[in-house]
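Written below as structure tokens is the structure these notes are about.
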Amino acid sequence: MKSFNHFLREIGVSNDLRSLLYHIARSIKYINFAIRAGDTGLNKSCNPSGEDQLKLDVMSDKIIEKELENSELAKIIASEEQEEPKKFQAPRGSFAIAYDPLDGSSLVDANLAIGSIFGIWPGDNFLGQTGNDMVAACYGLYGPRITFVIAIKNLGTHEFELNDVGEFILTRKNLKIIADSKYFAPGNLKVCSENINYKNLVDIWMNEPKKLRYSGGMTPDLHHILSKGQGQFTYPCCQKHKNGKLRLLFECDPFSFIFSEAGGIAKNQYGTNILDIKIKEIHQKTSIFIGSKNEVEKSIKIMNK
Ligand code: F6P
């Protein structure tokens, strides 16, 4: 039974990064409490991508912002729920943290699993960096159990679980994703009526047959892949979302980093590695095909016929 701090020290994670992750872990515990005890209604506002915000989205955002400011390690933060990044004094360190406070919040009323996603870059600016520059990424998953998954550059992807006394305990170290898979998680299926290649791809999966595992929440859907060690999640562009719907900084880069540390891969539908995409805007979007290497490569080929 190893606490996450003990484990991270053992594998050689720096004091600064461990301290930052400690504050992120605290925010996940507070958000978990807010989900269970708080108001799950609408906030009557929209986020910068035009999506309805729940009171829980706003509350989770505030919880994370406060924790990151208190860490004194965050020079700049960017939230999916806020138009502009915020800068802090951060006398103790120099990290740039992008986060989606409550991914999949439209599933809250249905009591499905949701998550919080974090990407951690060095320095005091996101623009001009790529996902390859990240030093760590992590997510909290609020399901029947509370899971915390952390990936550290060149040190792998590891899973922890919240115990009854409020500690995250190591459950699985060095999670790995194999190259072939029997699962598929097809987002944005309406693209099948606009793009014959996506329809053909989904038909192939159904005829193989592969097993469908899709909840509508990126965090639980990607955690399923990581947990089973195989699978593929896809979210292509469509007429409504010409550059894709999912956000590079808040969703796609963190998960691409976490998957790449586990031996998986993430590309946009045109075959560019997500981690190679230069960050030009805070709310930049992309298509994403992520998961088992061979499966993603096959899909990209079919998407570009
Ligand atoms: O906004 C993010 C998100 O909720 C993801 O968690 C999920 O994978 C995706 O959007 C679902 O999109 P749609 O509502 O278009 O199916």
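The table below lists the values:
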| quantity | calculated |
| --- | --- |
| Qualifying residue in region 23-32 (condition: open to solvent by less than 30 Å² (accessible area, probe 1.4 Å) and more than 18 Å from Ile150 (Cβ to Cβ)) | no |
| Candidates Asn111, Asn132, Asn125 - the one that is surrounded by fewer than 24 Cβ atoms within 10 Å (Cβ to Cβ), free of Cβ contacts under 8 Å to residues at least 12 places away in the same chain and out of contact with any Gly (no Cβ under 9 Å at 6 or more places or on another chain) | Asn111 |
| Top-ranked residue in region 108-121 [being farther than 18 Å from Asn70 by Cα and among the β-branched types (Val, Ile, Thr); ranked as farthest from the ligand (Cβ to nearest atom)] | Val108 |
| Among (1) out of contact with any Leu (no Cβ under 7 Å at 6 or more places or on another chain); (2) within 14 Å of Phe95 (Cα to Cα); (3) of a type in the set (A, V, I, L, M, F, W, C), the one test that Ala136 misses | (1) |
| Conditions (1) more than 20 Å from the chain's Cα centre (by Cα); (2) within 23 Å of Asp100 (Cα to Cα); (3) open to solvent by less than 40 Å² (accessible area, probe 1.4 Å): number failed by Glu167 | (3) |
| Residue match in region 258-265 (condition: open to solvent by less than 40 Å² (accessible area, probe 1.4 Å), within 19 Å of Gly128 (Cα to Cα) and over 14 Å from the mean Cα position of the chain (by Cα)) | no |
| Some residue of region 202-213 being within 14 Å of the ligand (Cβ to nearest atom) and closer than 30 Å to Ala25 by Cα | yes |
| Residues that are crowded, with 18+ Cβ neighbours inside 10 Å and touching a helix residue (DSSP H, G or I) at 6+ places or on another chain (Cβ under 6 Å), drawn from region 33-55 | Ala34, Leu54 |
| Residue ID - farthest from the ligand (Cβ to nearest atom), chosen from residues in region 48-107 that are among the acidic types (Asp, Glu) and part of a loop (DSSP other than H, G, I, E, B) | Glu72 |
| Total residues in region 235-263, condition near the ligand (Cβ under 10 Å from one of its atoms) and touching a Gly at 6+ places or on another chain (Cβ under 7 Å) | 1 |
| Where a residue in region 225-236 is open to solvent by 20 Å² or more (accessible area, probe 1.4 Å) and its partner, wherever it lies, is charged (D, E, K, R), with Cβ under 9 Å and at least six apart | Ser227/Glu159; Ser227/Arg172; Lys228/Lys182; Lys228/Arg213; Gln230/Asp180; Gln230/Lys182; Gln230/Glu295; Tyr235/Lys245 |
| Condition check for Ser299: crowded, with 16+ Cβ neighbours inside 10 Å, away from the ligand (no atom under 15 Å from the Cβ) and within 21 Å of Leu155 (Cα to Cα) | no |
| Test result for Gln284, farther than 18 Å from Phe118 by Cα and polar (S, T, N, Q) | no |
| Residue tally, condition of a type outside the set (Ser, Thr, Tyr), on the phi < 0 side of the Ramachandran plot and part of a loop (DSSP other than H, G, I, E, B), over region 108-143 | 13 |
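The values are calculated or read from the model by the stated rules, or taken from the named source; none is laboratory data. Since the structure is predicted, the reported quantities are computational estimates derived from the model, not experimental observations. Neighbour counts run over all protein chains shown; Cβ positions are idealised from the backbone, glycine included. Each accessible area value is taken on the protein alone, full model and side chains, heavy atoms only, with ligands, DNA and RNA left out. Shrake-Rupley method; radii C 1.70, N 1.55, O 1.52, S 1.80 Å.
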